[in-house]
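Each reported figure results from applying straightforward, stated rules to the coordinates on display, with no laboratory input. Keep in mind the model is a prediction, meaning the values are calculated, not measured. So basically every Cβ, Gly included, is an ideal-geometry build from the backbone, and we count neighbours across all protein chains shown.
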Amino acid sequence: MAGRSCMTTPRATDPLRIALGVLALAALACGPAEKDGIALVGGTVISGAGDAALPDAVVIIRNGTIEAVAARADIQIPKNTEIIDVSGRWIVPGFIDGHAHVARWALDRYVAAGVTAVRDLHGVRDSILNLKEEAGLGGLVSPRIFSASAMIDGPGTAELGATEVRTVSEARRAVDDRAVAGVDYLKIGPLVTAELLKGVLDEAGTFSFRTAGHLGVLDALAAASAGLASIEHLTGVPEAASRAPASLFEAHRAGKLRGWTAFERAWAGLDSASLHRVATALAESRVVLVPTLVMHETWSRLDDPAILSHPDLSTIPRVELENWNVPALIASAGWGTDVFAAFRASRPNQDLFVREFRSAGGKLVAGTNATRPMLIPGRSLHTELELLVAAGLTPLDAIQTATHNAAQLLGADSLGMVAPGKAADLIILTANPLADIRNTRAIERVMVRGQLYLADSLRTAF
Ligand SMILES: [Zn+2]
């Protein structure tokens, strides 16, 4: 704007035209300019990439993009920018739930909890891809949706909606179908064998797809060295750390809940030297782990009234609570008091493993498994951050697992950071998350795609 003159001296002879011309120019150059950007002024910025926090900062957002981030003393705010005072607040990148099963009812819950992107890892193919497309058009209060659509699983799959493949050529065809449908990456299920995985990964290479794995009949080291991009729920770790994994593989073949139960119980019996060996080797393989500690923790306490009456459950529609039907899940899995006690005995070894993997330089991503039973879209991601800190991560490190690390796993370079040139997805907090990770819940405003929402007004919808 600087340098543009307000007054001009038109040379035209028609006085009316001169007057109109002057008025039009004046409106362009001098009138009350339309605000076309937002400046968040005075907050402390946590970039999401692990840098030191920047106090008393200015963040300028225009056209859905973060235009500038700087100390207040180092920047001039352009005149056509709406100024929002956020002094005494913290600005963090919008959170990414790195393991989700998205449903339409959950979308506004995610945004209200500061989750501005989700990594969907299995759903009925057409409905999830339609939802992704609808969210992408911007008409919904919704996080950005990335999706694998339906998972690819081996013979005998029990996953509703999964694509069952029995041969390598079927595995390749399942990948091709997904490329046509427009998925973002691939997901394999627990019954995918080494041979089928090789077929999936080979074909995935043609389309540069990354592949996520919920392992069962494959151990984590074998799957990582084959080229899997991420391992979900720490699956395959007990199978890699155990001296006698055959009974675990057998349990996975016997059924989904049988496999999960045996896997979850096995952790308690693993020795620290084996856990260390597997954690180090996995870190070296560069595979990303999405531990979903909140799922392990919640499912180990489904007999605990405190879990069943958790205040976060108030955000779940009654019909969905009925669909979750926890008593039926417990009954069909055959989980009694002894099983829950065994699950809880496994938790310290899962935390130890996460800590070892992190200290060996491994990359972690926060995820929840929402909207599966008792995992709450949005809010469970904050519980995951608390559990990662309890396992030994610093709050700064934990925030990075839900922002920059998750964006890298998605291959979405524009997400997961408050930095110039990045997408304008961010959260404004009223308390310092570095002092106490529980403060990530102190959400005042959420911005997604450059659109700023008051968290309180979003919460009135549910
Ligand atoms: Zn899942």
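Using 7 Å Cα-to-Cβ label points, what is the THR193/SER225 separation (nm, one decimal)?
Result for the modelled spin labels: 2.0 nm.
Expressed as an acute angle from 0 to 90° and rounded to the nearest 10, what is the orientation of the C-alpha long axis of helix 256-266 relative to the principal long axis of the chain?
Relative to the chain, helix 256-266 is tipped by roughly 80 degrees.
If I fit a long axis through the Cα atoms of helix 272-285 and take the longest principal axis of the Cα atoms of the chain, what angle between them do I get, 0 to 90°, rounded to 10?
So the inclination is approximately 50 degrees.
Between ILE83 and ARG253, what length in nm is gained on full extension when 0.36 nm per residue of separation is reduced by their alpha carbon distance?
55.3 nm
What is the distance in Å between the Cα centres of segment 39-106 and segment 265-280?
Segment 39-106 and segment 265-280 have Cα centres separated by 40 Å.
Tell me, what is the FRET efficiency for LEU160 and ALA71 to the nearest 0.05, using R0 = 30 angstrom and their Cβ-Cβ distance as r?
0.05
Restricting attention to segment 199-304, which trypsin sites (Lys or Arg not before Pro) occupy a DSSP loop and are surrounded by at most 10 other Cβ atoms within 10 Å?
ARG243
Enumerate the amide H contacts of GLY213 below 5 Å, restricted to partners 5 or more residues apart or on another chain; note that Pro and chain-start residues carry no placed amide H.
ILE188, SER230, ILE231, GLU232
Helix 15-29 versus the longest principal axis of the chain: what angle, 0 to 90°, nearest 10, using Cα atoms?
It is inclined by approximately 40 degrees.
Taking K and R as +1 and D and E as -1, what net charge do the other residues with C-beta under 11 Å from the C-beta of HIS382 add up to?
-1
Could you check what % of the DSSP bridge pairs in the chain are antiparallel, to the nearest 5?
Numbers: 26 of 54 bridges.
Around 50 percent antiparallel, to the nearest 5.
Distance between Cα centroids, segment 167-232 to segment 372-401: provide it in whole Å.
Using only Cα atoms to place each centre, the spacing works out to 27 Å.
Using just the alpha carbons, could you tell me how many Å³ per residue the convex hull of segment 27-180 encloses?
Details: hull volume 26.2 nm³, N = 154.
With only Cα atoms used, segment 27-180 gives 170 Å³ per residue.
When only C-alpha pairs under 8 Å and at least 6 residues apart count, what is the relative contact order of segment 94-414, in percent?
Relative contact order, segment 94-414: 18 percent.
Which whole-number percentage describes the relative contact order of segment 144-245, with Cα contacts under 8 Å and a sequence gap of 6 or more?
23
When the chain is fully extended, how far beyond the present Cα-Cα distance does THR167 get from ASN325, taking 0.36 nm per residue of separation? Please report the intermediate quantities before stating the final value.
Working: separation 158, 0.36 × 158 = 56.88 nm, distance 3.53 nm.
Once the chain is fully extended between THR167 and ASN325, it gains 53.4 nm.
Over 19 Å between Cα atoms: which of LYS35/LYS79; LYS132/LYS187; LYS187/LYS256 fall into that group?
none
Kindly provide the helix-only [θ] at 222 nm of the chain, computed as the sum of -39,500 (n - 2.57) over DSSP H runs of four or more divided by all residues, to the nearest 500 deg cm²/dmol?
-12000 deg cm²/dmol
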